[in-house]
Amino acid sequence: MSENWVADIAELHDHYGFTSKFDELSPEMLKEYLQFRIKFLQEELDELKSATNQEDVVDALIDLCVVAIGTLDAFNVASGEAWDLVHEANMNKTPGVKASRPNPFGLPDLIKPEGWVAPDHSDIVKRSNLKRFSV
């Protein structure tokens, strides 16, 4: 059983020849491809919203991960580095209540404290295919 989802998606893309095709896309096509993937994520989110049993919930959540990780891979984003930056920033938040996101479950939300610093992905973007177009 694999626990390295990023490597699994890269293997999938290589196996089916997607990786070399991504590199051939023009900046305009890359931008269109991002929009295509956003719609794909919405499709999977809609499947989650309409799930009628636990199996559908699991399948939709995994499909969301596959599409999101696949999109990072397609754009050659160092997703492990990006993950670490986001995780570190999240670990520097404080538990609390976010008024703009009501939470009836009694679970703490993560709040950005004074002086909190957002993750800086600029170096990661510079090394990716995202740098080839503007959003």
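Which numbered condition trips up Leu110, out of (1) at pLDDT 95 or above; (2) surrounded by 13 or more Cβ atoms within 10 Å (Cβ to Cβ)? In the conditions (1) at pLDDT 95 or above; (2) surrounded by 13 or more Cβ atoms within 10 Å (Cβ to Cβ), Leu110 misses (1) alone. Candidates in the stretch 8-20 are the residues that are part of a helix (DSSP H, G or I) and loosely packed, with under 13 Cβ neighbours inside 10 Å; of these, the one that is modelled with the lowest pLDDT is Ser20. Counting only residues that are at pLDDT 95 or above and either loosely packed, with under 12 Cβ neighbours inside 10 Å or closer than 10 Å to Pro119 by Cα (or both), the stretch 76-99 holds 10 of them. When restricted to residues that are more than 22 Å from Ile9 (Cβ to Cβ), hydrophobic (A, V, I, L, M, F, W, C) and in a helix (DSSP H, G or I), the stretch 77-135 contains 2. For the stretch 70-91, a residue qualifies if it is more than 13 Å from Lys131 (Cα to Cα), among the β-branched types (Val, Ile, Thr) and touching a helix residue (DSSP H, G or I) at 6+ places or on another chain (Cβ under 8 Å), and exactly one does: Thr71.
The values are calculated or read from the model by the stated rules, or taken from the named source; none is laboratory data. Since this is a predicted model, take the numbers as computed values, not measurements. Here Cβ is always computed from backbone atoms with ideal geometry, including for glycine, and neighbour counts include all displayed protein chains.
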